[in-house]
1. So between ASN262 and HIS82, what do we pick up on full extension, going 0.36 nm a residue minus the alpha carbon distance?
2. Calculate the FRET efficiency for VAL194 and LYS278 from the Cβ-Cβ distance with a Förster distance of 35 Å, rounded to the nearest 0.05.
3. Show the residues, 5+ positions off or on another chain, whose built amide H is closer than 5 Å to the amide H of ARG22.
4. Quick one: putting +1 on the C-beta of Lys and Arg, -1 on the C-beta of Asp and Glu, what dipole do you get for the chain around its Cα centre, in Debye to the nearest 20?
5. Given a Förster radius of 22 Å and the C-beta distance between ARG254 and GLU311 as r, what FRET efficiency does 1/(1 + (r/R0)^6) yield to the nearest 0.05?
6. For segment 401-498, what is the relative contact order in percent, using Cα pairs closer than 8 Å and at least 6 residues apart in sequence?
7. Defining a contact as two alpha carbons under 8 Å apart and six or more residues distant in sequence, what relative contact order in percent does the chain show?
8. Rounded if a/c is under 1.5, else prolate if a/b is larger than b/c, else oblate: which is segment 305-446, with a ≥ b ≥ c the root eigenvalues of its Cα gyration tensor?
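What follows is calculated from the coordinates using simple rules that are stated; it is not laboratory data. Values in this document were obtained by computation on a predicted structure and should not be read as measured data. With ideal geometry, Cβ positions are generated from the backbone for all residues, glycine too; neighbour counts draw on all protein chains shown.
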Amino acid sequence: MASMSVIGIDFGNESCYVAVARAGGIETIANDYSLRATPSCVAFSGKNRLLGVAAHNQMVTNMKNTIHGFKRLLGRMNSDTHAQSEMKSLPFNFQPLNHGQIGIKVNYMSEDHVFTPEQLAAMLFTKLKDTSEQALKTKVNDCVISVPSYFTNAERKALLDSAQIAGLNVLRLMNETTATALTYGIYKQDLPEVDDKPRNVFFVDCGHSSLQVSAVAFNKGKLKMLATASDPYLGGRDIDTILAEYFCKDFETRYKINARTNPRAYLRLRTEVEKLKKQMSANSTKLPMNIECFMEDKDVHGDMKRADMEELCAHLFKRVEQTLRKCLEESKLRPEDIHGVEIVGGSTRIPAIKQLIEQVFGKTASTTLNQDEAVARGCALQCAILSPAVRVRDFSVTDLQSYPIKLVWDTTLKEDGELEVFPQNHQVPFSKMLTFYRKEPFEIQAMYNCDIPYPNKDIGKFIVKDVKPTGENESSKIKVKVRINIHGIFAITSASLVEKKRKRRRHSDGRWFA
């Protein structure tokens, strides 16, 4: 074993998993509580800062200073409508910062502090790095971190910043869908030969707060992402919210108490309905829910059966179906081309979601992967492949760009002023060379060319400087290189002036002239 370890981090909205590639295979690292899942939580108290399990354990007692759910605020501004709706549902205090960034206000060491979501993510990464180093008894530097496939440039950059603050060297931000596919592919001994027809597999990942679906083509030693579709605002917690709302109304009628007015009672209610939801996946009979000393010294109880939950959440399941169908359509595969459908993420255990998978793809959902750890394992594998420190079987991964990207520039020169440079589902990483003819510096604007789950479609403005006319006062030829890198981040990486070489001719007496 090399003295350096390489790890894969699945950074989830609710919890994180860390896996490591070792000589004997991939293992998931247990934290200081001997648990594999570390809650994505950071808490502050009078004297100390708590992370992970310790922070989560005092969520109810230290509500205002236990920060969670910050993954969905990364790289967003305070004015962002999505950020606003997330903030409304979180029990701690926010304070916008000078540049319109999101600030989270806590009391720490008896003073008020304001942290950004990026700083909180960095604290969590530092904890995961320490846990890994203790478990592996070596330094950890290189890592691969998972990122939702629908994350935009701004969110990806924010995540990289957090990792950098934590002292992690990120070899790749890997889409969660792609990490899952790699976990599946690398251990399959029976994949078709490179020249044969690929094996097409769909992956459905429904977690705590989002749904991602992808279509992947496998051959021996390689995978190619064909399509992805996602609903970033649909996950297990949305079902919890609907059930909590149902019981709030029920308790108001029967016990004359309103749990919405008491954040602590509401948090306890959400914990209980989540347990109830999990029991419903195994039982279709009526299930009881009891909470002692809920509010105003009252014990409360209620009950529900699976069919009632499915009726209350019918509109959510409709959205699941739409996302599955969208991915199927974009993959251009017919049901007979599909080898199987693999499910990961806690919420895919819900029977209604399994039924929809069978309806749309004509295949029973298969659970050969570890539903909670598949993403972390894929990240650890990718890290081992990319890192010189570990020897591992090579497996080629071709990812894709979730949203089309277009460039816009000034049109004074009678040319088309825009170009979709990377269409949707274009392979990444990828570079392209574009040629411009200009006499002076110019600006290129990059933006997403479709609706995205982010308020601002602009990616950035890039200015090409030091452009002058040629000696003959003609436009100079400029080659501009645009790239989507291994992290899925777009940039204009270089611009170079192509100088014309003047041909030299020879006199009849052998002398040269220009």
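1. Roughly 62.4 nm would be gained on extension.
2. After rounding to 0.05, the efficiency reads 0.25.
3. GLU27
4. That gives the chain a dipole magnitude of about 1780 debye.
5. 0.60
6. With pairs under 8 Å counted, the relative contact order is 28 percent.
7. Relative contact order of the chain: 14 percent.
8. Taking the square roots of the gyration eigenvalues as a ≥ b ≥ c, segment 305-446 is oblate.
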